[in-house]
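Structure first, commentary second.
Derivation of every value follows stated rules applied to the coordinates shown; laboratory data play no part. Just so it is clear, the structure is predicted and the values come from calculations on it, not from any experiment. Don't worry about glycine lacking a Cβ; one is built from the backbone with ideal geometry, like all the others, and counts go over all protein chains shown.
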Amino acid sequence: MENLEPTNNQQPITAPAGRDTVLHEIGRVIESLPAYGKHHILRIHAPKSAAVIKPGQFLHIYCNGPIVQISERLVDPVPEPSGLKRLKRKPLLRRPISVFRRDSDQGEISILFRQVGLGTEALSAYGAGDNVDILGPLGRGFDLDGDAPALLIAGGIGIAPLTALAAELLGRGRSVTVLAGMRDALSFPLLLDNSSTILGCKAGIALMCEMGAVSAVASEAGEPGTHPGLVTGLLEIFLEQERAEDYEAFVCGPGIMMARVSKMLTEAGVPGQALLEERMGCGIGACMACVCRTRTRGEETKYSRVCVDGPVFDIKEVVW
Amino acid sequence: MTGGVRTNLEVAGVSLKNPVLIASGVCGYGLDFRRLADYRPEAVGGLVLKGTTLKPRDGNPPVRLVETAGGVLNSIGLQNIGVDALISDVLPQLAGNSSAVILNIAGHEMGEYVTVAERLAAVGGFNALEVNISCPNVAKGGMAFGTEPCTAAEVIGAVSRAVSGRFPVIAKLSSAAGDIAAVGLACVQAGADALSLINTVPGMAIDARRRRPVLANGVGGLSGPAIKPIALLRVRQVFLALKKAHKNIPLIGMGGIVTAEDAMEFILAGATAVQIGTATFYDPQIGARVAEGLEEILLDNYRCSGQDKDLDIRHYIGALED
């Protein structure tokens, strides 16, 4: 596994210029909502973060009470979330979590996550009134400068950041089409409705309809109304039926799904951006833990940091 | 801090405003933290920059990091920009840094350490050189040098000659050494001006469902609170060995420090200064918090004892009562 070959093509990684100032905020949980399956939504009053975070950026959330707790000598102690006491083990590191919905007027953000480990388990133990320690905004979000109709492609929980993106794009007057894949209805965090008519698929996402986007859902379990199978099946139909090259794609989901989707899009001449996920240490670019392989020019590749060079990358830039 | 508290001191001739340093690997090249709105670089004693090799290195494939019980296992594989970029792009930006800047160098053969040390010593713009002879994450990334006294002494001796007194040389020791005291002594005899310890502890994490190691490299280095008792013992062992050999060489202790109390434990065990690594991941301000917490501890002790010496951090170094 050892790679001793030096590379001379690395971009200087020493200039953090142009990247956002990172704020430290103690937010407060307004509402903690268990959602479908192992999903959970936290509505958090965090006005500083809500004011500045852009779709695709993430918050680095400490899932073990407020940091100031560690140094009670210096700061008035902030109460620890009582739900944490039930946990067998507590997480040490922050967890990178993208924003699901944002209301900057109310100073509110919502996060939607699936319980997959220590961090998300701890976060789901937070209740109304609990303090949440947040660092952010972090990372490079989606490039929203285009004006083409948007094609959002989500796999599973990847729908969470794409929901915030859909809201932003619709607000900018762009048309939004969402293709979402799920294993089964319980593994999908959002409510479906059956009023959709695109791509021969009845099932759409209720929230997307409300916001003014059109959507279609593929399900491996094949629930009535859904497109039976993978989201790539839906994308195949879309690519056949639509002038896809007129669209700009935005992708988020499991790595293998993003790899396949990116390949299909690139072959069809559709430009796109993908939001990647990787285990992180610091979240601000210092520790080099969360890397992915990217192309620099031609066949040359390098490891880029998901936390600062991403998490959003051009789909052609990533070596899938 | 008022009230006559003294936490500033010297380590191998480097003046530190307090004994708290940020460890190599967690603060990059010292520039990323500057994006933090409430960053206070002046509140720590110094930064130890990312381990740098002769050529840029790509590092290991991901997954590179995983949280384990009470700690973090990592296998970055020394991804770094190489010494030329360090000199041309980084050091100018750190000129006038409000705390000490310590560079960390690594290599996979003796000649590489020497060349990197020579180039850096020739340009300057930093306060000390930490030599990584203990990285567990690259095949020849140093740990092979750091586990045996003779090879450790060979590397440290060669680097010391290359630097020839222009900058203090700090040897970073491995917990994996069979006899860490012997390795430490050998480094001191070879010319090390200080020793830092411990580097991460070799370990592995397994994904039982996939029947595979979690880290792509298989093996990684464990850090965080889980390793603190190991690190404290190592610091104590090396401190006592140096004392017995009448070598007055400072130690820089690290391994799982999260609070000021943790830092004080390392100082009592024999460390003159400490480094904080993993905890900066969740709290980038941890260095400042620990430094301020140390002042509080001194003040508390003074209030109890009424003795002036309890206000001076230097009186705590190695003061453990066995």
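Data overview
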read-out	value
Around B:Gly318: net Lys/Arg minus Asp/Glu count, Cβ-Cβ under 11 Å	+1
Neighbour count of at most 12 Cβ within 10 Å plus DSSP loop: longest GluC sites (Glu not before Pro)-free window in chain B	B:110-320
Principal axis box of segment A:150-272, alpha-carbon based, largest edge first, Å	33, 30, 25
By average C-beta atoms within 10 angstrom, highest first, the peptides A:251-259, A:42-50	A:42-50, A:251-259
Base-10 log of normalised Debye intensity for chain B (one unit scatterer per alpha-carbon) at q = 0.10, 0.11, 0.14 Å⁻¹	-0.52, -0.63, -1.05
Considering only the protein assembly as shown, percent of DSSP beta bridges that pair antiparallel, nearest 5	50 percent
Contact order relative to length of chain B, as percent, for alpha carbon pairs under 8 angstrom and 6 or more apart	19 percent
Footprinting exposure proxy for B:Lys247, A:Lys202 (fewest neighbouring C-beta atoms within 10 Å first)	B:Lys247, A:Lys202
Ellipticity estimate at 222 nm from DSSP helix runs (n ≥ 4, -39,500 (n - 2.57)) divided over chain A, nearest 500	-5000 deg cm²/dmol
Formal net charge of residues neighbouring A:Trp320 (Cβ-Cβ distance under 11 Å; K, R +1; D, E -1)	+4
Sites excluded, GluC sites (Glu not before Pro) in DSSP loops with at most 12 other C-beta within 10 Å, longest stretch of chain A	A:73-298
For A:Ser215, distant residues with modelled amide H under 5 Å away	A:Val178, A:Ile205
Candidates B:Phe266, B:Phe33, B:Phe239: whichever shows maximal mean-square fluctuation once chain B is modelled as a Gaussian network with Cα springs under 10 Å	B:Phe33
Alpha carbon centroid spacing (whole Å) that separates segment B:240-282 from segment A:242-277	50 Å
Distance histogram in 10 Å bins (all Cα pairs of the protein assembly as shown, percent per bin)	3, 16, 25, 24, 17, 9, 4, 1, 0
In Hz, Karplus ³J(HN,Hα) per residue of segment A:44-57 (6.51, -1.76, 1.60; θ = phi - 60°; x = Gly, Pro)	10, 7, 8, x, 5, 5, 4, 6, 10, 6, 10, x, x, 6
Under 20 Å from the Cα of A:Lys302 - lysines, other chains or at least 8 residues apart	A:Lys263, A:Lys316, B:Lys50, B:Lys55
Projected label distance in nm at A:Glu223 and A:Trp320, using a 7 Å step from Cα toward the beta-carbon	2.6 nm
Long-range amide H partners of A:Glu31 with built H, under 5 Å	A:Arg43
Summed side-chain charge close to A:Ser219 - residues other than A:Ser219 whose Cβ falls under 10 Å, Lys, Arg +1, Asp, Glu -1	-2
